[in-house]
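A quick write-up on the structure given underneath.
The values are calculated or read from the model by the stated rules, or taken from the named source; none is laboratory data. It should be emphasised that the depicted structure is a prediction, and the values quoted were computed from it without experimental measurement. In this analysis, Cβ positions are derived from the backbone assuming ideal geometry, glycine residues included, and neighbour counts consider all displayed protein chains.
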Amino acid sequence: MLDLTAAALAQKIREGEVSSHEAAEAANHRVEEVEDRIHALLTPTPEIALERAGRVDERLRNGGIKPWEGVPLVVKDVLSTKGIRTTCGSKILDDFTPLYDASALVNFGEDLVLIGKTNMDEFAMGSSTENSAYGPTRNPWDLGRVPGGSSGGSAAAVAAGEGWWALGTDTGGSVRQPAALCGIVGLKPTYGRVSRYGLIAFGSSLDCIGPMTRDVRDSALLLQAIAGHDSLDSTSANAEVPDYLADLEGGVSGLKVGVVKELMDERIDAGVRGVVENVVGGLEEAGAEVGEVSLPHAYYALEAYYIIAPAEISSNLSRFDGVRFGLRETADGVHEMYRRTRERGFGDEAKRRIMLGTYALSSGYYDAYYSQAQKVRTRMIRDFRDALSRYDVLISPTAPSVAFEIGAKSDDPLAMYLQDICAVPASLAGIPAISVPGGLSEGLPVGVQLMSDHFTEPMLLRAARAAEEVSGFAFSQRP
Amino acid sequence: MQTREERTYQAVIGLEFHVHLATTTKMFCGCRLVYGDEPNTHTCPVCLGHPGTLPVINEKAIELGVMAGLALNCDVAERAVFARKNYFYPDLPKGYQISQFDEPICNGGHLDVPVGDETVRVGITRLHLEEDAAKNVHVGVSGRMHGSVGSMVDFNRGGTPLMEIVTEPDIPSPEAARAAANHLKEIMRAIGVSEADMEKGQLRCDANVSIRNPDGSFGTKTELKNMNSFRFVERGLARELERQQGILDSGGTVAQTTLHYDPETDEVHELRSKEFAHDYRYFPEPDLLPLELSEAWVREIESRMPELPDAMRARFVEDYGLSPYDAGVLTADRDLAVYYEAVAAEVDPKQAANWISGDLRSLLNESGEEVSNSKASPERMIELICLVRDGAISRSAARDVIGRVFETGDSPTAIVEREGLASVGGDELSGVIEEVIAANPDEVGRVKVGDKKVMGFLIGQVMKATRGNADGGRAREILLQKLDS
Ligand SMILES: [Zn+2]
């Protein structure tokens, strides 16, 4: 059962061959088996999983369940879960229990079979999960290496079989990059496709909730479960949710695929480029029209991103002040209380970004930094518009390298930020992007990133499914 | 050196109003707005700033903001943007206030303020929408943060839709500032945008104050905060101007600072300037889309707007032939104006104005009742005025009757019958007058040789004999007839 995809397990549950309860038991068992080594979960929820799985089984007997229900899931600890501790990987929320469920989870259905809340870089800031206040998560492919981040816990959990699929969040690659490093599929949907209500904000204009799954079909099914308009999120799209599975096997014949020149240069490891070229070749053989495309402002995207995202988080983290919830350090006077609480509650990276963002928004610097970054963002959007008027799908590596060793970049924030160079352009433009395992380099998985226009997820998933097919990589290959 | 007498001081005052909008729910969540309930009974994860929550704009608040802008002759923007104003304070749950910064909902306008016999035009710089902070309650002797033993926060008020209106610095005196605040309140109430009750904090007023330099340029301005009644607006500004004059007279310079008016001591105090040295790091609120205000929607709102006090005042003068003063009194309170129009439709508008702006209003003032709840309904008032017009009761008897109506709500006709207040008229009055003529031959003689002043005495005798239940006008008429014949 542990080798099945989520979609296959879902079908067996609906057909009565396996119960959701049995699946939850298997997942719980797997957690006990591997968690000591992987540390993917911050808060395992085995009883909740069993209780809810039992309710799913009962509803199945009494009528029916949705096509994705009953399959055990892990959820990044940045999503609000009612009555279940939600830390965001931070000490400042160590004992925080939310009053409500994130809308994406509400969309999913009544009884989300939650195996646990997954580890992450504090407040989703990082590319290795080493910035978690609760210790790093290890990559199941090589326990000495990072799983990527910030959704590293979700990626590692799926790769290690602790639950069949996961939800992550992606602000500048936080679903795609760890998916790439752990050999799974990670989808960042169009900005606004999935409600952000209950996603503890990092970069509000960039944050997206996305599926992290064993294959592309699972990705489509999980997106189906969480997508939709939400009156509680003014930035959620009031557009109909299409059937993401209907055309999944449609192939790429006649599809125009553009390889992004700027994301295939020497900043990308040769082995990674080789895997991407191999997949591109396979797509061409499968009938795609392949060409090269330029996104001239992709070179500046990372710089713009590292102003906009910190600016937003510097403001978003202000609510963690010790007054109403979370950590509070006692002090004489409210300002001293703020200072001590935030000093003790936030880790180094959170403090670094608060300072960066505060600086970028300060009077006298706003025009030089924040406004300038927004202009780059507008140019980036224009670049994509031009490129996507000529190509249906753009292709690039997801990350510049395979998983690196724990500690290798933790003292060099700039080297760490470079992990996001391929992922950030799509984030700035708000377009959907997916990472699909394309093969191995140095014995470790490499992700291939596909991007397309706003709200064209059905086509993107179809192309991703074809890429998965031609890559020859299968989830069962994992160690 | 100039002496005080030689130098003329010209005050330059700009006001900043904060007005609670009369919506039923908060600005960015569904919590109800109730004044005076138990603390923290109207809260939710959104207005408590819980992690992961998002704001959703209250459309009614936008509508009321547009209405207010139209009433103040502003340009309504086609596009407005909410922005975050970042600062830390326990009453600000998110660590930022959602406000508007460089793209407010309304720009440029004016308010024509009656000040004494003149009208002062006050420019409106901008009008924007935001959310109010919660309320800090400091526990301890002083009730203020300094020296208190602890603080609590009541989030019921947090997130109330708030409109900020900023005037140009063109208000010439504390008196004009008070009149402007009062006039703004009238307008907001008239169009239903806000109750604008200063006591309840629904209307708050801050001011920028400076004294013009001899060369005509602006002097250094100071900021005067939270004057929480119309009287205190005027008094606070007067005190601050005196303080600035004192500094200038002694050859000093005014420092830019923020002050607080203390009504108990009638003095202004400097607040610690550190508390206000903020860089708010405004940036566009990423959780909300820019507001697009279509011309058609704005016109539609305009078409539904109630009549403004100025227009109503002009119409009362024009249509009912009232003096500007009476029209002003009757339109100062929208409910009173509605009452008046109901009465004026049935009887002589000037008589109606006299009764309502005079007797009825003083009864209302004494009792503290609202005209809309008064037992002296428009129907009762019409009935009363008709009784006077038809000579069925005298004017002075009618004064008693209105008092009874106001207390009991009974019909004036019934009260007149019950209390025996019916006017002494016809033959009976004629008889009384003959008796008075017979009893006062000297006075009658003096009237006949042209001493008109004595008429008053004779009429007084008639009134006395009828215990006031005679119509003075009729009595005079009959008396003159009899004396002529
Ligand atoms: Zn609320």
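Quick notes on this one:
- Any hit, segment A:250-261, residues being crowded, with 16+ Cβ neighbours inside 10 Å, in contact (Cβ under 8 Å) with a residue 12 or more places away in the chain, away from chain B (no Cβ under 14 Å) and on the phi > 0 side of the Ramachandran plot: yes
- Taking the conditions (1) crowded, with 16+ Cβ neighbours inside 10 Å; (2) away from chain A (no Cβ under 14 Å); (3) touching an Asp or Glu at 6+ places or on another chain (Cβ under 9 Å) in turn, residue B:221 satisfies each one other than (3).
- Selection from segment B:27-40 of residues that are away from chain A (no Cβ under 14 Å) and within 13 Å of the ligand (Cβ to nearest atom): B:32, B:33, B:34
- Test result for residue A:220, touching a helix residue (DSSP H, G or I) at 6+ places or on another chain (Cβ under 6 Å) and either modelled with pLDDT of 95 or more or away from every other protein chain (no Cβ under 14 Å) (or both): yes
- Residue that is farthest from residue B:28 (Cα to Cα), among those in segment A:222-244 that are among the acidic types (Asp, Glu) and out of contact with any Ser or Thr (no Cβ under 8 Å at 6 or more places or on another chain): A:243
- Test: residue in segment B:151-159 that is free of Cβ contacts under 8 Å to residues at least 60 places away in the same chain, within 14 Å of chain A (Cβ to nearest Cβ), aliphatic (A, V, I, L, M) and more than 16 Å from the ligand (Cβ to nearest atom): no
- Single condition residue A:380 does not satisfy, out of (1) within 14 Å of another protein chain (Cβ to nearest Cβ); (2) assigned to a helix (DSSP H, G or I); (3) not aromatic (Phe, Trp, Tyr): (1)
- Flag if residue A:83 is of a type outside the set (Phe, Trp, Tyr), surrounded by fewer than 21 Cβ atoms within 10 Å (Cβ to Cβ) and within 14 Å of chain B (Cβ to nearest Cβ): yes
- The helices (runs of 4 or more DSSP H) found wholly in segment B:391-483 and carrying at least 2 residues that are closer than 30 Å to residue B:369 by Cβ and in contact (Cβ under 8 Å) with a residue 60 or more places away in the chain occupy B:395-408.
- Output for segment A:230-249, where each listed residue is of a type in the set (Phe, Trp, Tyr) and either within 14 Å of chain B (Cβ to nearest Cβ) or more than 13 Å from residue A:458 (Cβ to Cβ) (or both): none
- Only listed residue being within 14 Å of chain B (Cβ to nearest Cβ), of a type in the set (A, V, I, L, M), surrounded by fewer than 24 Cβ atoms within 10 Å (Cβ to Cβ) and not in a loop (DSSP other than H, G, I, E, B), chosen from A:105, A:99: A:105
- Among the residues of segment B:16-26, those identified as part of a loop (DSSP other than H, G, I, E, B) and more than 14 Å from the ligand (Cβ to nearest atom) are B:21, B:22.
- Selection count where residues are in contact with a Ser or Thr (Cβ under 8 Å, 6 or more places away or on another chain) and outside any loop (DSSP other than H, G, I, E, B), scope segment B:152-163: 2
- Residue match in segment B:128-143 (condition: surrounded by 21 or more Cβ atoms within 10 Å (Cβ to Cβ), away from chain A (no Cβ under 14 Å), away from the ligand (no atom under 16 Å from the Cβ) and not in a helix (DSSP H, G or I)): yes
- Top-ranked residue of segment A:302-360 - restricted to ones that are more than 9 Å from every other protein chain (Cβ to nearest Cβ) and among the hydroxyl-bearing types (Ser, Thr, Tyr), ranked as farthest from residue A:380 (Cα to Cα): A:330
- Test: residue in segment A:58-66 that is in contact with a Leu (Cβ under 9 Å, 6 or more places away or on another chain), buried (at least 18 other Cβ atoms within 10 Å of the Cβ) and at negative phi: no
- Residue in segment B:285-299 that is of a type in the set (A, V, I, L, M), more than 14 Å from every other protein chain (Cβ to nearest Cβ) and touching a Pro at 6+ places or on another chain (Cβ under 9 Å) present: no
- Residue B:230 under 25 Å from residue B:329 (Cα atoms) and modelled with pLDDT under 95: yes
- Test: residue in segment A:461-473 that is surrounded by fewer than 24 Cβ atoms within 10 Å (Cβ to Cβ), touching a residue at least 24 places away in the same chain (Cβ under 8 Å) and part of a strand (DSSP E or B): no
- Taken over segment A:274-302, the residue count meeting the criterion of being surrounded by 14 or more Cβ atoms within 10 Å (Cβ to Cβ), acidic (Asp, Glu) and not in a helix (DSSP H, G or I) is 1.
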